[in-house]
1. Against the longest alpha carbon principal axis of chain A, how many degrees, from 0 to 90 and to the nearest 10, is the axis of helix A:28-41 turned?
2. Using a simple charge model, +1 on the beta-carbon of Lys and Arg, -1 on the beta-carbon of Asp and Glu, nothing else, what dipole does chain A show about its Cα centre, in debye to the nearest 20?
3. Which whole number gives the average, over all residues in B:77-87, of C-beta atoms from other chains lying within 10 Å of the residue C-beta?
4. Just to be sure I understand the model, the point goes 7 Å from the Cα along the line to the Cβ. What's the resulting residue B:185 to residue B:132 distance in nm?
5. Separation between the residue A:88 and residue A:153 pseudo-spin-labels, each 7 Å from Cα along Cα→Cβ, expressed in nm?
6. Starting with the highest mean, order A:58-68, B:120-130, A:107-117, B:149-159 by the number of other Cβ atoms within 10 Å, averaged over the residues of each peptide.
7. Please compute the modelled spin-label separation between residue B:246 and residue A:55, points set 7 Å along Cα→Cβ, answer in nm with one decimal.
8. What number, rounded to the nearest 500 deg cm²/dmol, is the helix-based mean residue ellipticity at 222 nm of the protein assembly as shown, given -39500 (n - 2.57) per DSSP H run of at least four residues and division by all its residues?
Amino acid sequence: MVLLAQSEIQSAEGSVDAAGDWPPLPSRAWVAWRDLRAGLARYWMWWAMALQDIKLRYRGSTLGPFWLTLSMLILAVGMGVIYSHLFHLDVHTYVPYLTVGLIVWQFISTTTTEACQTFMTPDNVIQQVPIPFSIHAYRVVCRNLIVLGHNLLIVPIGLVVLHIPVRAVIWQIVPAVVVLALDGVWVCLLLGMVAARFRDIAPIVASALQMTFFLTPVIWPAEQLGIYRWMADINPLYAAIDVLRAPLIGVAPAPYSWPLLATFTAVGCGFTFLFFARFRGRIAYWV
Amino acid sequence: MAFVRLRGVSVEFPIYSGGSRSLKKLVLSKTTQGNVASDARDRVIVQALTDIDLEVGHGDRLALVGVNGAGKSTLLKVLAGIFEPTRGRMQAEGRVSALLTAQVGLNPEATGRENIITRGMYLDIHPRAMREHVDEIADFTELGYYIDMPVRTYSAGMIIRLCFAVATAFPPEILLMDEWILAGDSNFLQKARKRMETFVAGSSILVLASHAMPLLEEWCNRAVLLDGGRIVASGTVAEVAARHEAPVQPG
């Protein structure tokens, strides 16, 4: 894609001669880095935007965002009872596995779907006020983290009701949420840019996500894959779910999960940074 | 000291028609040498600005004059740092406050007071700083009890008052305004002008795009005439106005 789009951009440095007191042009990478940092420094801005998004979504409803918690609870209990019967699994271990799996999957899939709209939803803002582009990505991730937080309220209730002991491994949810948020940011920046330029990306992403849901051990345990277990071990989405789910239900994540997720995050961040540096200046023209 | 300068700035818009918005068509056109989807690259490029050289500095109140589509709004967007020039260079120093359209960051369901905070946020002003000035801003708007009503009940003129009051609550060093701001009533315009004089007298810069010649002559001390994306004349507002209103030379 980098090669395809390269031709449509005239070099910004093209016509500048050496004379004159113009400061040297900052490199694209520096400008992109500055954008990411300036966006982060305005945490109050994207925090307020994210809160406003949630408030607008639930305006007029008594329970507000707790509707999410409630509907997730109903879904988890209903599915948990039926599927544990279908898969011949113990309800006491399966229901927490399923519930947390669905919650984390919902975070990943909603963030990815909304990532395509990162720059298109606030198009009038982008066209009118010069704020760092990264703010829009932080906003999408922040909004989804708030939803994730509401959904995770079920977890302590479940732990008590189902008598699941809290083990020391619980500390891993902190790095897990940080890494998931980092992944969310690069996915939003990358998909946000690509989807602003190519309008058929959003439906492609939506159907790809649906397919991935069936290939990823979200509602069924990875162990049931048997000789196909490697399919879970090479699936970065399984790793992403596993690192947050396992500590919450009191088990250690699968051995490959952290290394795989770390690699996935590093590659994603690196590639997205180059892409963002290259095409940042075009976003205002694309939306 | 606030300044903005442009050298050889050009802006080209690719207008993406249906086909070039599609990744599938773009890929197909590559793999089949363009036989299947020859319309994938049928982009129309609009040359919105060509070779703009401009320096605005200390105490300048610049009027951008030109017919519709001459490039006034595009130039404002370049000055605001929204459009990165496709060629040439732009350098700006100073806190920019841009009033390009009324709609940004206004939540029609929220009250005027709440929108003062939101609108300020988009202008990069922290809600805490904004809250301290809310009453002062509300006074300036002269909206009376409307300030506590939802913004959807406001008239266009009332929205203009609100937006202007927020944008100038913290004296910007560079204030960019598109012509819609001049749609306010004469009482408001007088008040707005007075407020701007207080900070433009300092080291601040005002750039205003409009057709309303008498108003521009009153508000501005410099003008450039844009035509087809190029600067075709510059000088005092009166000189540029004369040129603008002169019959078009053949050729």
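Bear in mind that the values in this text are calculations on the coordinates, not laboratory data. It should be emphasised that the depicted structure is a prediction, and the values quoted were computed from it without experimental measurement. Positions of Cβ are backbone-derived with ideal geometry, glycine not excepted, and every protein chain shown enters the neighbour counts.
1. 50 degrees
2. With only Lys, Arg, Asp and Glu charged at Cβ, the dipole is about 460 debye.
3. The mean count of partner-chain Cβ atoms within 10 Å per residue comes to 5.
4. Between residue B:185 and residue B:132, the simple spin-label model gives 3.4 nm.
5. Taking the simple label geometry, residue A:88 and residue A:153 are separated by 4.0 nm.
6. Final packing ranking: A:107-117, B:120-130, B:149-159, A:58-68.
7. 5.6 nm
8. -16500 deg cm²/dmol
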